[in-house]
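Remarks on the structure that follows.
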Amino acid sequence: MHRTVDCVTPQILVVEDEPEMAALLVRGLQEEGYAVTVAGNGIDAMTLAGAASFDAAVLDVMLPGMSGFELCRRLREKSTGIAIMLLTARDALDDRVRGLDAGADDYLTKPFEFAELAARLRALRRRDLIGASRIDVGGLHIDMTRHAISAGGTPLRLSRTEFELLRLLAENHTRILPRAEIIDTIWGAAAYIDANIVDQYVRYVRKKLDSVGSPVSIVAVRGVGFQLIADGQ
Ligand code: CA
């Protein structure tokens, strides 16, 4: 999928069934410069997503009918390029893990400050605008234009955050990447992020690399960070 550049108005899909919350999100996101489309449930959201291309989506987890998790999974199947933010009702680890498993890039627990949502969305968008168009490391090929990754010739289906993590490791494969640097680059707003999230995503990416017999591995260097290593090196 082709990603929009910064001079184009970013399109965002908001899926929230509570009218007051939806109105608040629309107003705030419009002030942030987004073109906002709202759906009150997952079915309507999928119809809208089929008719237009969105740069980002903000999904409430508690929706009538299809849950925000299921909607997230379906949106992610449709597009690897869309940035997906989940709004969870409580700070339950279960919800967080379910959300990340479903392919969300980030999540916020209600209630939240709108400024935090805006900052996190900006961080997700910034990732599009940095880096080379193509990276090759030991059998791992990353095509930024198509937002596609293959390992040993097999395409990998990654969530956006998984994609960015693997890209960051590939871009810096000659050195060990400190955990703090990974958090700063990928999540931007480091103050809000639990450092364990890096380990969580490394696990996800490793699992997907393993599933295709990848010629590269992510190695943990205790107390320092992570490095991408090509097999045989
Ligand atoms: Ca709701």
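Does Ala119 satisfy the criteria of being out of contact with any Cys (no Cβ under 9 Å at 6 or more places or on another chain), farther than 23 Å from Ala220 by Cβ, modelled with pLDDT under 85 and not assigned by TED's automatic domain parsing to the domain that holds Asn196? Break it down stepwise before answering.
Details: out of contact with any Cys (no Cβ under 9 Å at 6 or more places or on another chain): yes; farther than 23 Å from Ala220 by Cβ: yes; modelled with pLDDT under 85: no; not assigned by TED's automatic domain parsing to the domain that holds Asn196: yes.
The answer is no for Ala119.
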Hits in region 166-220 (condition: open to solvent by 40 Å² or more (accessible area, probe 1.4 Å), touching a residue at least 12 places away in the same chain (Cβ under 8 Å) and assigned to a strand (DSSP E or B)): Pro178, Ser217, Ala220
The lone exception for Met46 - which of (1) within 15 Å of the ligand (Cβ to nearest atom); (2) at pLDDT 95 or above it fails: (1)
Residue list for region 64-87, filter: crowded, with 23+ Cβ neighbours inside 10 Å and within 12 Å of the ligand (Cβ to nearest atom): Gly68, Leu71, Leu86, Leu87
Residues of region 24-39 that turn out to be farther than 17 Å from Ala52 by Cα and either small (Gly, Ala, Ser) or buried (at least 18 other Cβ atoms within 10 Å of the Cβ) (or both), as a count: 4
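Can you name the residue in region 102-116 that is out of contact with any Leu (no Cβ under 9 Å at 6 or more places or on another chain) and modelled with pLDDT of 90 or more and is also most open to solvent (accessible area, probe 1.4 Å) among such residues?
Restricting to residues being out of contact with any Leu (no Cβ under 9 Å at 6 or more places or on another chain) and modelled with pLDDT of 90 or more, the top hit is Glu113.
Let's see how each residue does on (1) within 22 Å of Leu100 (Cβ to Cβ); (2) free of Cβ contacts under 8 Å to residues at least 12 places away in the same chain; (3) out of contact with any Ser or Thr (no Cβ under 8 Å at 6 or more places or on another chain); (4) among the aliphatic types (A, V, I, L, M):
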{"position": "Ile12", "(1), (2), (3), (4)": "yes, no, no, yes"}
{"position": "Gly40", "(1), (2), (3), (4)": "no, no, yes, no"}
{"position": "Ala45", "(1), (2), (3), (4)": "yes, no, yes, yes"}
{"position": "Val61", "(1), (2), (3), (4)": "yes, no, no, yes"}
{"position": "Leu75", "(1), (2), (3), (4)": "yes, no, yes, yes"}
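If we scan region 26-39, do we find a residue that is within 29 Å of Leu156 (Cβ to Cβ) and modelled with pLDDT of 95 or more? Working first, answer last.
Start the filter on region 26-39 by keeping residues that are within 29 Å of Leu156 (Cβ to Cβ), which leaves none.
For region 26-39, residues within 29 Å of Leu156 (Cβ to Cβ) and modelled with pLDDT of 95 or more: absent.
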Any hit, region 95-115, residues being within 15 Å of Leu25 (Cβ to Cβ) and either small (Gly, Ala, Ser) or not assigned by TED's automatic domain parsing to the domain that holds Gly28 (or both): yes
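The values are calculated or read from the model by the stated rules, or taken from the named source; none is laboratory data. What you see is a predicted model, and the numbers here were worked out from it, not measured in a lab. Note that each Cβ is placed from the backbone with ideal geometry, even for glycine, and that neighbours are counted across all protein chains shown. Heavy atoms of the whole protein, side chains included, go into the accessibility calculation; ligands, DNA and RNA do not. Shrake-Rupley method; radii C 1.70, N 1.55, O 1.52, S 1.80 Å.
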